[in-house]
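Below is one structure, written out as structure tokens; the observations come after it.
The values are calculated or read from the model by the stated rules, or taken from the named source; none is laboratory data. Being a predicted model, the structure only gives us computed values, none of them experimental. Cβ: placed from backbone, ideal geometry, glycine included. Neighbour counts: every protein chain shown. For the accessible areas, the whole protein counts, side chains as well, though only heavy atoms, and no ligand, DNA or RNA atoms are used. Shrake-Rupley method; radii C 1.70, N 1.55, O 1.52, S 1.80 Å.
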Amino acid sequence: NIDLILVGQQLLLPRKTLQNEAWYDSLFDAAGNLAESGLEEPGAVEAEADEKGIASDQTGTRKGEPASSLADAADILEARLYEKGTYYFPRPGQSDFQLDLTKNPILETGDGARVLMRITGEGRKVLSAENLSVLKKFWKDLVVADIPGNAALDQIFDAVIGSLPGGAISKKKVYTDGGIEVTMQPQWMLERPRQGDSIAITPIRSSGEGTPRAVADYLKTLGVLLKEVVLSDTTDEKPPAAGTAVSFGQVAALDLSLDRRAFVRNFFGIAGITYQENTTVSFGYAGIQIQAVTNALNRRDGLLTLVDFEDLQGEAVETLQKAGFKLFQVPQQGNNADLIPDLFRLAGMTCESTPTLAAVEGTGPGSISISLPGFLGRNDEIPEVLLTTVPVPDDLLRFLKEKDIDVVELVNAAGGSAGFPPVPAGDTYNQGVFK
């Protein structure tokens, strides 16, 4: 663009003999355009022209060099760091303004944003507002981050991410995925609209305490690249293993459209509780011994409970109670889903509706929790069971398996999966009668 050349401006052109060098062709792609990969070939001149600013040689990204805090930050943010050489900016009627990148590095994110990092400290000159206005004539969206000399990684993130559009420090984010809700609060987060994702960064004390790999993989499907940074280098622990692959196609199903008897039988089978149908019990009534056929539940704590589907009539219920039997009566009508909290409690397990599981403990920065529609039965002696009303992605199945939680899909729910009742408190039940 000839309009970018000022009268009297000195232009530096490459020598024609450079075309004879062995590495010259590697600088261009098949279409003849300058290829970035070519600039990284051995022997290539690390010179770059950037829009309306002209860079001298020795300007490039740090790759394969000993890490510095700035280079680490750029790597984590998937950005390019320019910290060597000089950028030249033309000024009408004046000499070109020279930006020394060793004193004021430039960070360019994958989303196209540029951050001028003003290194501050005793004895350092800070760019004036007049000089900054020169830069912003060429780089309209340039932002400035003041960073103290020898800044630590967390200080750099605070300054850089805090200055960028779409950047946030310690802010809670909520993602929904087919009824599943993920709440996370990374220490730093950078949204990248052009790339359709975000980078979430959280410091950890060692690689061993990081987020489970399965959860990190799942977050990636939601457009979140989770990056956990060990701010100290005192650990040599290996990152957590990927875990065993699990597919939702392997998950057992519990049919909510079954009749009451079949549903209860299948439920206790899933919960691992011994359930006997058509069991004969004997009890005394009016001086005589009476036998009745019902269903018996043998819990692992030894408590024997009778399950009746309103077959026992008259004074039989009260008589069985006086004889020392525990009795649960299942109403003939109703939604099978409404029975689930009762049946879990009957099995000696606590029940939580729409359970929230912590992938990373805590409520502040670094915390990650996952809420799943359905019911979670808990017991110290019995493996936990999640009855889910929505398909669970394979990555989350891996996470649940690592936590020893069995997953069962509730299928054929009348009217969909919404509207399940809350778990009743105490020993009073909304459905059925527990005595």
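General observations
- Couplings 3J(HN,Hα) for segment 195-203, derived from phi with the Karplus relation 6.51 cos²θ - 1.76 cosθ + 1.60 (θ = phi - 60°), are 8, x, 8, 9, 10, 10, 10, 9, x Hz, where x marks Gly and Pro.
- Positive contributions from Lys and Arg (+1) and negative ones from Asp and Glu (-1), summed over other residues with Cβ under 11 Å from the Cβ of Glu78, come out at -1.
- HN-Hα J in Hz across segment 154-169 - Karplus 6.51, -1.76, 1.60, θ = phi - 60°, x for Gly and Pro: 5, 5, 5, 4, 4, 6, 6, 5, x, 9, 8, x, x, x, 9, 10
- Taken about its Cα centre, segment 294-411 carries a charge dipole of about 160 debye when Lys and Arg each add +1 at the Cβ and Asp and Glu each add -1 at the Cβ.
- The distance linking segment 352-390 with segment 256-333 is 31 Å (Cα centroid to Cα centroid, whole angstrom).
- Flagged links, alpha-carbon separation over 32 Å, of Lys137/Lys173; Lys84/Lys173; Lys16/Lys84; Lys125/Lys227: Lys137/Lys173; Lys84/Lys173; Lys125/Lys227
- Part-to-part distance (alpha-carbon centres) for segment 163-211 and segment 68-134, which is given in Å: 27 Å
- In this structure segment 302-351 gives 41 Å² per residue of accessible area when probed at 1.4 Å with all protein chains present.
- The label point for Lys103 and the one for Asn278, both projected 7 Å from the Cα toward the Cβ, are 9.4 nm apart.
- Amide H contacts under 5 Å for Gly85, placed H, 5+ residues apart: Leu101, Thr102
- Check: segment 180-225 dipole with +1 on Lys, Arg Cβ and -1 on Asp, Glu Cβ, in debye: 140 debye
- Close amide H partners of Ser367, meaning residues 5 or more places away or on another chain with modelled amide H under 5 Å apart, are Gln185.
- Each residue of segment 17-27 was assigned a 3J(HN,Hα) from its phi angle through the Karplus expression (A = 6.51, B = -1.76, C = 1.60, θ = phi - 60°), giving 5, 4, 5, 8, 6, 5, 8, 4, 5, 6, 6 Hz with x at Gly and Pro.
- Dipole magnitude of segment 97-216 about its Cα centre (Cβ charges: Lys, Arg +1; Asp, Glu -1), debye to nearest 20: 240 debye
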